[in-house]
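Down below is the structure, laid out as structure tokens.
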Amino acid sequence: MFKNLQLLLSKLGDAEFQAVLLGPFIVFALLIGTLLFITFFATKNPTGQIASLAIILLGGLAILPLDNAHRIAGPRVQAITGIQKAGYSQKEWYQAKPYFLGIAILATVTLFFGRTNKLGLACTLLTILAGLILSTYALWLVYREARIYHPGLRAAAIQSPSLTTPIAKHQVPHKTYAL
């Protein structure tokens, strides 16, 4: 068990592994932070609001190490897998970077002005709206990235007329990529 833990901890420094971890982290941090913020705002719990805004802030700032990990791991992933669309996925995250940094700034402003006046109420409502929109957008980006690296998801999107229609076993390609 300790050998596996040491291996896992050593892989945390790998840019490719960081990119795999940080995409879903952004989704869950923004979604959970926003839902908690809504709950604590409705119950008028200031400590909970501060904690949930901190989660939203971390989710927004996580785009910085994700962008760095994509830059470092991108050429290596393309060389190993031969998939040229990997660069396109990284470009989408890079183009979304201002939005995620924007919600981090908005969460910080809401933290300071959230309970004071009409400006605070506007910041609160904007933070809730932006958190819900950006968590959905981040989920979409994670899905797009997963479709690049997982052939089964690509086949499902192409061959299945809807998400509820099952795919026959013979329709799923069996080509795998060794990493």
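General observations
- Taken over region 89-103, the criterion of being crowded, with 18+ Cβ neighbours inside 10 Å and closer than 14 Å to residue 138 by Cβ is satisfied by 89, 93, 96, 100, 103.
A quick yes/no check of all residues on (1) under 18 Å from the mean Cα position of the chain (by Cα); (2) at pLDDT below 85:
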| position | (1), (2) |
| --- | --- |
| 45 | no, no |
| 54 | yes, no |
| 58 | yes, no |
| 85 | no, yes |
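- Within region 1-48, tally of residues that are closer than 26 Å to residue 134 by Cα and of a type in the set (Lys, Arg): 1
- If you filter region 1-27 down to residues that are within 21 Å of residue 103 (Cα to Cα) and touching a residue at least 60 places away in the same chain (Cβ under 8 Å), you find that the one that is surrounded by the fewest Cβ atoms within 10 Å (Cβ to Cβ) is 24.
- Region 110-125, residues that are buried (at least 16 other Cβ atoms within 10 Å of the Cβ) and aliphatic (A, V, I, L, M): 111
- Test result for residue 110, modelled with pLDDT under 95 and either among the charged types (D, E, K, R) or under 16 Å from residue 127 (Cβ atoms) (or both): yes
- Count of region 35-80 residues which are outside any helix (DSSP H, G or I) and not hydroxyl-bearing (Ser, Thr, Tyr): 3
The values are calculated or read from the model by the stated rules, or taken from the named source; none is laboratory data. As the structure is a prediction and not an experimental result, all values here were calculated from the model. Every residue, glycine among them, receives a Cβ derived from its backbone with ideal geometry; neighbour counts consider all protein chains shown.
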